[in-house]
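The values are calculated or read from the model by the stated rules, or taken from the named source; none is laboratory data. This structure is a prediction, so every number in the text was calculated from the model and none was measured. Reconstructed Cβ throughout: ideal geometry from the backbone, glycine too, with neighbour counts over all protein chains shown. Surface accessibility is based on the protein's heavy atoms, side chains included, excluding ligands, DNA and RNA. Shrake-Rupley method; radii C 1.70, N 1.55, O 1.52, S 1.80 Å.
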Amino acid sequence: MKMWAQAQPNIALVKYWGKRDLARNLPAVGSLSITLDALYSRMSVDFLENPGSDELLLNGESNTAMLPRVSMCIDRIAGNDRSAARIQSEFNFPVAAGLASSASAFAALVLATYEASGQTADTLTMARIAGSVSGSAARSFYGGFVELTAGSKDIDVESIADPEDWPLKVVVAVTETGPKRLSSGEAMIRSGKTSPFYSSWVERQADDLAMAREAVEKRDFEQLAVVSEHNCLKMHSVMWTSRPPIVYWNNATLACMETVRDLQKRSEPVFFTIDAGPQLKAVCLPSAEETVRDGLSQTDGVVTTYTSGLGYGARVSEQL
Ligand code: 2P0
């Protein structure tokens, strides 16, 4: 019986962009996200008897690109003098393409490593380790609506509402399936060093977080829509004004924004958000799910769409 850890990607409505402490990978700002249920990463870790190098299989194929971060993450839990590990991973969506694959991957990896090494830890401890490797991964330990607070010594993360408390839907419009040109880690460091808007982005984040948190507490879709779109566009304006500029969008991303605007004009309860990639995520009430999916599927340049509800945090499962 093999143990697998599974985690879902999360989509930030109030974004993490910028690092306060590079060495510890502490975020400069807090963030608020929703955890998805339809997309997943599964990880299993086996420590080998013999010394040697780690091996990573991604959907059955050997992968060296992600291996250094994967090995570093395992070291943080099992120590540097551990035996070599064989890591198997499965994803049911494109990896490194702005669909938060690193969030779900590193949350699942931390949990799988604890399982394999026979250690136990509380969720926040594991989330902090995942966050030290990939900031957004800390949020995938929790389900529903999740808030991450950026402290000066460490992060705090908690779920502020369960998936069934407010069962929003997310339609992801994929406009490119290839890996992104610049990792979000490198991009946010560049933004912090060069964008003239960066300091005001950091200063204003508390206001956006308060407004989003209140919207979740009140189940106020309109308020959540306004603050989420504003925060997303603000993050992208920081990217665009970095030197050299960071532009993750393509023509189809803009066409998808137009589609969402048209739906809003027809009073459909929907808003968009976009991360470090060209995909657009439309968040809507369940009543609008079909209309939103149809609209985005028919938008020029959309390769495929994924629809998801909200899901739970990282967990261990058996797979025979
Ligand atoms: C977010 N992103 O809040 C933001 C919005 C991308 C855009 O968190 O450098 O890959 O590994 O800590 O975890 C991407 O974050 O960054 C991200 P690192 P990570 O979802």
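Summary table
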item: Rule-of-thumb Rg ratio for the chain [Cα; 2.2 N^0.38 Å; N residues]; result: 0.96
item: Value of [θ]222 nm, deg cm²/dmol, for the chain, DSSP H segments ≥ 4, -39500 (n - 2.57) each, nearest 500; result: -12000 deg cm²/dmol
item: Accessible surface of region 129-169 [probe 1.4 Å, protein heavy atoms]: carbon and sulfur percent; result: 44
item: With every protein chain in place, region 236-320: carbon and sulfur % of accessible area (1.4 Å); result: 50
item: Thr304-Ser152 pseudo-label distance in nm [points 7 Å out on the Cα-to-Cβ vector]; result: 4.7
item: 28 Å Cα-Cα threshold exceeded, pairs from Lys169/Lys193; Lys193/Lys218; Lys19/Lys234; Lys15/Lys265; Lys218/Lys281; result: Lys169/Lys193; Lys193/Lys218
item: Spacing of the two label points (7 Å from each Cα toward its C-beta) at Lys193 and Ile160, in nm; result: 3.3
item: Cβ-placed point charges (K, R +1; D, E -1), dipole of the chain about Cα centre in debye, nearest 20; result: 920
item: Within a Gaussian network of the chain (alpha carbon springs, distance under 10 Å), most fluctuating of Ile11, Ile246, Ile274; result: Ile246
item: Extreme residue, positive dipole direction of region 43-89, given options Ala84, Leu57, Pro68 (C-beta unit charges); result: Pro68
item: The chain - percent relative contact order, Cα under 8 Å, separation 6 or more; result: 26
item: Computed over region 154-283: relative contact order in percent, which uses C-alpha pairs under 8 Å that are six or more apart; result: 36
item: Kyte-Doolittle mean at least 0.0, axial Cα span of 18 Å or more - DSSP H helices of the chain; result: 101-117, 221-240
item: Fully extended contour minus Cα-Cα distance, from Asn25 to Ala65, at 0.36 nm per residue; result: 12.4 nm
item: Per residue accessible area in Å² of the chain, where ligands, DNA and RNA are left out and the probe is 1.4 Å; result: 42
item: For region 18-86, Kirkwood radius (reciprocal of mean inverse C-alpha pair distance, Å); result: 14.6
item: Percentage relative contact order, region 56-165, counting C-alpha pairs under 8 Å, at least six apart; result: 21
